[in-house]
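Report on one structure; see the data block that follows.
Since every read-out is calculated from the coordinates, none of them should be taken as a lab result. Just so you know, these numbers come straight off a predicted model, no measurement behind them. Neighbour counts run over all protein chains shown; Cβ positions are idealised from the backbone, glycine included.
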Amino acid sequence: EWEEVKKTRAEELVALAETIKVLNDDDALELFKKTLPSAGSSFVQVQVSASSQKARALALLRAAARKSKQPGLDLIALALSGKAAGFEKVIALIDELVVNLKKEQEGDDGKKEYCDKAFDESDDKKKELELSIKDSETAIDELKGSIERLTAEIAALEAGIKALDRSVAEATEQRQQENAEYKDLIASDSTAKEVLGWAKNRLNKFYNPKLYVPPPEAQLSEEERITVNMGGTLAPTTLGGIAGTGIGASFVQIRAHSQDASADKVAPPPPPEAFGPYQKKSEEGNGVIQMIDLLVADLDKEMQEAEVVEKNAQEEYEKMTVDASAKRTTDSKSITEKSDAKASTEEALQTEKGKKTGLEKEHMAVLELLQSLHGECDWLMQNYDARKEARTGEVEALKSAKDVLNGADYALLQTKARSTRFLHRSA
């Protein structure tokens, strides 16, 4: 329906324009001046009114063009100032420019909305990434601290195990030395007891024959028994040991190495001079025997004490080795666990470093995006209000110019209508 109205209006305007053209012809005006002076004056007034409205519209357009430097305004002003284009074409250009200006404003509005949203999202992302990077740096520092702590703990445990092994080795060496000393003491005291026992038995043979214990008969070998049975004589047996008693043979062998070999060749001293027949001194002999008993008792006490000390020392040593073994096992297990924890922590550190690198790259990309947004949006954001205000002014100027042109056209139509009525009355 609107298209039909526009078409009818255009046809009406064409008809009126053709009519005005004929009526404004110089010959027609001259004729009207002679025949219709009042009518001719009306057409002249219409012509003057249209020119005045056109000038007003042109002034509005040029003023707006100076402020905004909109090429479309210059084109419309150029078309309006010319004689070829009619008001309809100028009004169409105005409508088209108004539509374009609204589209441009819509474009600016959309771009501003996009820029605002992009800046907000990028700023939020930038802050989020910076916080994540800071958290990652904190995590990396904590992981490094854990690795250093685990390394120090592992080193301390390893040093402790080495020190423990040295202590056990020293204790073992000391225990072996103490045990050797104990065995030597027992052997020496036992030999001493045997010697004292032999001496006591020998004294009893002289002073207390009833208490004398004869030595056990020697056990003959098969070969020696055959020799005796056949009437043969056995070779004298040398018992060896201390003074040929067969006691402490090993002790004597050791002592023999420390004696000078030439000492055996020294002749014994001559016997002392006798003072008459010898008589037994039983009391003195029994006193010696009692002294021997006291010495044996002292040796028994010493051996008993040595045995207790040795037993306690051995028990303490065994307990120490058990405790040391348990501690070594515990510390070794702890080293394994801490080494595993250290390896896991080192792996986590590498992962966290990779994560931080990724975050930094992402952060750099966001910074580049922000820089790109600044290059894309800063000019619009800074000039948005001025551009919007300028467009509003341009649209208002265009609408005002259009209203002026529509007003001029309307006045012309009114004058035409009056002229037509006048012509009809004249006819």
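Some notes on this structure:
- Rounded to 0.05, the FRET efficiency of the Ala118 and Thr351 pair, given R0 = 30 Å and the Cβ-Cβ distance, is 0.40.
- Spacing of the two label points (7 Å from each Cα toward its C-beta) at Thr392 and Ala171, in nm: 9.6 nm
- Taking a Cβ cut-off of under 9 Å around Ala139, the surrounding Lys, Arg, Asp and Glu residues balance to a net charge of -3, with basic ones at +1 and acidic ones at -1.
- Checked against a 19 Å cut-off, the cross-linked pairs Lys89/Lys388; Lys111/Lys399; Lys134/Lys353 give Cα-Cα distances beyond that limit for Lys89/Lys388; Lys111/Lys399.
- Full extension of the chain between Glu96 and Ile226 gives 31.1 nm of extra length, using 0.36 nm per residue less the Cα-Cα distance.
- Label-point separation in nm, Glu318 to Asp27, each point 7 Å along Cα→Cβ: 15.5 nm
- With a Förster radius of 60 Å applied to the C-beta separation of Lys125 and Lys327, the computed FRET efficiency comes to 0.60.
- Note on region 187-224 and region 136-167: Cα centroid distance 70 Å, given to the nearest whole angstrom.
- Potential lengthening between Val309 and Leu164 on full extension [0.36 nm per residue; Cα-Cα distance subtracted]: 49.7 nm
- A Förster radius of 45 Å combined with the Cβ-Cβ distance from Ser372 to Glu137 puts the calculated FRET efficiency at roughly 0.95.
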